[in-house]
Amino acid sequence: MGLLRASVSVPESAGATYSVVVLAGEVDATNSDELYGVLESVVTQEPRLLIVDMSELSFMDSTGLRMLLRSSRALDQQGGVLALAAPQVSVARVLQLTRADQLIPVYESVADAIADA
C-alpha cells in the first residue's frame, strides 16, 4: 500500500497560465483514484499548462500512469497540456518502458517546463 501526498499550487502572478501539482510518496492501485481526483480538480479549471512535479514521487505503477494519461487526454481536449517534471529514476524508467514519455512531455525541472510553455 503506497502513501500519496499531493499539493496544488497556482502562481499568483497576473496572467499565469499554469498550475503545478506536486506528488510525493508512491502511486499504485490503492491510491490511483486519489491521484486522478487531484488531477481532475485542476483540469476542470482549464489551465493552459498543468505541470506534475514528480521529484518527490518514489514509485508509480501502471495504474498511476493510466491516471496521468487520462488527465493528459482531458486537458488536451480543452487545448491544454499536461507536462511531467523531474521524475526520479524508477518513475522515469516506467515512463520510458511504456513510451508514455512520447505522449506526455517530460522535463528535468518545473522551471524547464514553464520556460518551454
**OP:** Determine whether the stretch 4-12 contains at least one residue that is surrounded by 15 or more Cβ atoms within 10 Å (Cβ to Cβ), of a type in the set (S, T, N, Q) and within 14 Å of the chain's Cα centre (by Cα).
**Re:** no
Of the candidates Glu40, Glu46, Glu56, the one satisfying the condition of being part of a loop (DSSP other than H, G, I, E, B) and either touching a Cys at 6+ places or on another chain (Cβ under 8 Å) or surrounded by fewer than 20 Cβ atoms within 10 Å (Cβ to Cβ) (or both) is Glu46
Restricted to the stretch 40-68 and to residues being in contact (Cβ under 8 Å) with a residue 40 or more places away in the chain and touching a Gly at 6+ places or on another chain (Cβ under 7 Å), the residue farthest from Arg5 (Cα to Cα) is Arg48
- Query: Does the stretch 22-33 include one or more residues that are part of a helix (DSSP H, G or I) and either more than 12 Å from the chain's Cα centre (by Cα) or not basic (Lys, Arg) (or both)?
  - Reply: yes
For the stretch 69-93, the count of residues that are closer than 19 Å to Val110 by Cβ and in contact (Cβ under 8 Å) with a residue 24 or more places away in the chain equals 13
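Each value in this text was obtained by applying a stated rule to the coordinates, not by laboratory testing. Keep in mind that this is a model prediction, so the values were computed, not measured. A quick note on method: Cβ atoms are made from the backbone with ideal geometry, for glycine too, and the neighbour counts reach across all protein chains shown.
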